[in-house]
Structure formats: structure tokens, C-alpha cells
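We did not get these values from a lab; they are worked out from the coordinates using the rules stated. Note that the structure is a prediction, hence the values are computed from the model and not measured. Using ideal geometry, Cβ is built from the backbone for each residue, glycine included, and neighbour counts are taken over all protein chains shown.
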Amino acid sequence: MKARHPKPRTGGTYLLARHLPRWGHPHYGHGVSLVERASRSGVIWSGTTTASVRPSPYVAHHALLSIARSHDPLLQLPAEDLLLTWLDTLSQWGYHSVSTSALAPIAATALHDIGFSTAQDLVLLEHHHRDTDNFIGVLPSLRGRWPGSRFPSQPVITEILHLDCAAFGNERQMDLITLREALCATEQSRVFVSYVDKLLVGFVIVGVSDTHGFIQRLAVDPNCRNSGVGTRLVQTALAWIQAKDCVSTVVNTEASNVVALHVYENFGFAPMNYRLAVLEKNLLP
Ligand SMILES: CC(C)(COP(=O)(O)OP(=O)(O)OC[C@H]1O[C@@H](n2cnc3c(N)ncnc32)[C@H](O)[C@@H]1OP(=O)(O)O)[C@@H](O)C(=O)NCCC(=O)NCCS
């Protein structure tokens, strides 16, 4: 493993952490600050830890808690009493349950200690780029809506979200906010696509920060699997990352996802020495 992995930024939270005043709310007491930006959505921070909360677009009364730098294996969450105050806030906002962004082990342990359980066990895989790598991009990159823009046009975004739902299912599909976060999480990003008869059958979202590449999302239409589409998408992603002189590419996938693991292993990806976990908790008494 490389000594340093600049982690992709979690969309929005860095900016908010830097620009919002650090006022305390009397109700939340010392150590927890809160800004409610919209109904049941906002930013909570304690010390150096920042988390954003928003309602799940697909599960009623379910909160999505996205913790900044949550992939960082050194990330320490605040003390238990502060974390319990976070949960109190979610209950007061009317949520019945919560799930987190993917967390590295130290942070996950802190939440397990206050009753969270593991919803997804994610393997982190890394490919070390070598001078001998010779990936050739075979699929087109999506053009931005305007020059320099990361965001495809609305009809293409609709196609991507539709395909993502077919590939990942109702509860794990991306919504527009997650797509935006994936595109903005790194210094540069691209979406590569595969079309058959003008129909989108696969896409990959790929990003680069510093000298590290990240495969953020990969999906192939269930009706078009096992015909090499996923492989061509990963190959194109690696070619783009390689052209940016990256030293490594990291991706995560569920430990049970044997097909994705097989595709990545075919390209020489190997498991890193820690995993990530998405955690969840029921908030009802
Ligand atoms: C993972 C995914 C992108 C693969 O796409 P795909 O187009 O089917 O991939 P390919 O056809 O290029 O390759 C599939 C490989 O898996 C192998 N495979 C198929 N079923 C398998 C199984 N049950 N166990 C192990 N390997 C399997 C195929 O033989 C092929 O390997 P090969 O090239 O060595 O023969 C697709 O299954 C998908 O969208 N899944 C849901 C979303 C997802 O899991 N995304 C990845 C998360 S990071």
C-alpha cells in the first residue's frame, strides 16, 4: 500500500466546513454544532469531524449520514456522548433510521459501539500502475453540458440514473445528489459510456486527485452482462487514469460481489489491508 492516499472529497462538506460560522446551538451543548440547511437536512460537526445529513430519496424517514473523510483509515470520530447527540438530532428531525457513508475501520468501530450494525462490507482494491501498463481507452467520454463542465446534459443524466437503478436496485441506486458528489469528489472526473443501438448499456465514473485514480461507480445493464461491457469500461477508466500519470487506482466493491471482484482482479487489482463498511441503525425507541 502507498504511504499516502489522498481521499476523494465528500461533495460539499469541505466547503461548508470551511465557510460556515462555527456557532453552537444551545440545545446541542458544548462540542456539537449544527446548521439546518433545508428541512431535515444539514451539517453537523464536532471538533474536526463534519457530517452532512439528508433524507433518503427512496426510503421513508431514513437519514443518509455522510461523514467527511470517512474512507480515511486514521479518521477518529468524536467521543460517544457527542455521537449520541448526533443521533438525538436525527431523531428530533423525524428520522426512524440512518445509514452512513462507507467508513474505515476505526470510525466504524466507534459507531458499532453505539449500536450501529454493518449493512455493507466493502472490499477496497488497489491497482498499482507500472510503466509497463498499456491500457487503451476504447469507449467514449461523455461531453460536459458546457465546456469544462463535469455534468452531462439532463437527458443523459436521466439515462445514467435509470441504468444505475436497474444495476444496483431501488435502495442502492444513485440519486442526482450522489451522482453530483461522485463527479465532484476528485480534482478531475469523467464519465465513460457504452451504447448499443443508441441505448446506454453501461457507464463508469472515474476520478483523479493528485496522483491517485478512483473508480467511483461502475454499472452495466442487467440484460447486457457477461459480454465484456464492464471490462471495456474498466479498461477505458484505467487508460484515462494512466494518462494522468497516476501511481495507483482504488475502487471499492461489496465483498459478496463476485462478478465485480473478478473483473477488477482481471486487471491486477488486489485487496488493500483494510475494508470499508456502510453502517445503519434503527433510531426508534
Ligand atoms: C460488475 C459488472 C459491472 C460487470 O459487468 P459485465 O459487463 O457483466 O462484465 P464483463 O462481461 O466484462 O465480465 C464479467 C466477468 O465476470 C465473470 N463472471 C460472471 N459470472 C460470474 C460469477 N458468478 N462468478 C465469478 N465470475 C463471474 C465472467 O466470466 C467475466 O469474466 P471473464 O472476462 O474473465 O470471462 C455488472 O455485473 C454490474 O453492473 N453489476 C451491478 C453493479 C455493480 O456491482 N457494479 C460494480 C460495483 S463497484
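Can you name the residue in the stretch 212-261 that is away from the ligand (no atom under 11 Å from the Cβ) and of a type in the set (S, T, N, Q) and, of all such residues, is surrounded by the most Cβ atoms within 10 Å (Cβ to Cβ)?
Filtering the stretch 212-261 for residues that are away from the ligand (no atom under 11 Å from the Cβ) and of a type in the set (S, T, N, Q), the one surrounded by the most Cβ atoms within 10 Å (Cβ to Cβ) comes out as Thr249.
Going through the stretch 160-203 one residue at a time, which ones are more than 17 Å from Arg145 (Cα to Cα), within 16 Å of the chain's Cα centre (by Cα) and free of Cβ contacts under 8 Å to residues at least 40 places away in the same chain?
Selection gives Cys165, Arg172, Thr178, Glu187.
Taking the stated definitions as given, is Val201 crowded, with 18+ Cβ neighbours inside 10 Å and more than 20 Å from Ser66 (Cα to Cα)?
It is true that Val201 is crowded, with 18+ Cβ neighbours inside 10 Å and more than 20 Å from Ser66 (Cα to Cα).
Quick one: would you say Thr100 is over 24 Å from Glu254 (Cα atoms) and hydroxyl-bearing (Ser, Thr, Tyr)?
Criteria not met by Thr100.
Could you list all residues from the stretch 117-155 that are in contact (Cβ under 8 Å) with a residue 24 or more places away in the chain and in a loop (DSSP other than H, G, I, E, B)?
Result: His129, Asp133, Phe135, Ile136, Gly137, Val138, Leu139, Pro140, Leu142, Arg150, Phe151, Pro152.
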